[in-house]
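What follows is a set of notes on a single structure, which appears directly below.
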Amino acid sequence: MESSIVQSIVSVNAIIIYGDEILLQRVVKKNNALWFPGGKVEWDESFEEGLFREIQEETGIAPEKYSYEKIAILHEKPQVTCKHIYILKMKEKIENFSFQDTEISDCFWIKLSDIPQDIKEYRNWWVYYTLRDYIKGRFSREKFLYQPTI
């Protein structure tokens, strides 16, 4: 019997909300496409520790500035990335962000009603659909394993 090894990557991504606005980023490596802050969880971190670290690295926002809740787990197929998606509710609006300009070119607030509707604007297909599903209230506390509505 032939065996194969599959490498699985675990990541965290955050839908960061303040009022009727959401925080989006533009990613340098992907032609400045739109993205949710987040990234890979290190082998010695919990999901929450990875979330706090990634948000701090990619926005400069410290954990005490928001409350958070895990809302979904998305297994991105055919790739093997398992994404833990969180909602972060800001306690106050942050206007000054810090990030590595070799990875991120911009962090900005945008009204939920003004998000770009063209899927080509986003780094990955799932970002647009997850954002759209969030706006439409399609997440369920009973069903964490999430498949975007396309």
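A short reminder: the numbers here are calculations on the coordinates, not readings from a lab. Worth saying up front: this structure is predicted, and the values here are computed from it rather than measured. In this analysis, Cβ positions are derived from the backbone assuming ideal geometry, glycine residues included, and neighbour counts consider all displayed protein chains.
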Ranking of TRP126, TRP43 by count of other Cβ atoms within 10 Å, fewest first: TRP43, TRP126
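Express the relative contact order of the chain as a whole percentage, based on alpha carbon pairs under 8 Å and six or more residues apart in sequence.
Worked out over the chain, it gives 30 percent.
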Surrounding net charge for THR130, when Lys and Arg each add one and Asp and Glu each subtract one, Cβ distance under 13 Å: +3
Other-chain or far-sequence residues with amide H under 5 Å of GLY60's (modelled H): SER98
Average projection area in nm² (convex hull over Cα atoms of the stretch 1-67, one quarter of hull surface): 7.1
Burial ordering of LEU112, LEU24, fewest other beta-carbon atoms within 10 Å first: LEU112, LEU24
Farthest positive-ward along the chain dipole, Cα basis, beta-carbon charges - from CYS82, LEU24, TYR128: TYR128
Listed values (1) 33, 16, 14; (2) 49, 24, 11; (3) 24, 18, 17, entry calculated as semi-axes √(5λ) of the Cα gyration tensor in Å: (3)
Sequence ranges 93-102, 115-124, ranked by mean other-Cβ count within 10 angstrom, highest first: 115-124, 93-102
Fewest-first sequence of VAL10, VAL80, VAL127 by Cβ atoms within 10 Å of each Cβ: VAL80, VAL10, VAL127
At R0 = 22 Å, FRET efficiency that the Cβ-Cβ distance of ILE73 and ILE150 yields, to 0.05: 0.80
Magnitude of the charge dipole, the chain, Cβ model with Lys/Arg +1 and Asp/Glu -1, debye to 20: 580
Dipole-positive endmost among SER46, GLN56, PRO148 within the chain (Cβ charges, Cα centre): PRO148
Percent of beta bridges antiparallel (DSSP, the chain, rounded to nearest 5): 70
GLU45-ASN31 pseudo-label distance in nm [points 7 Å out on the Cα-to-Cβ vector]: 2.9
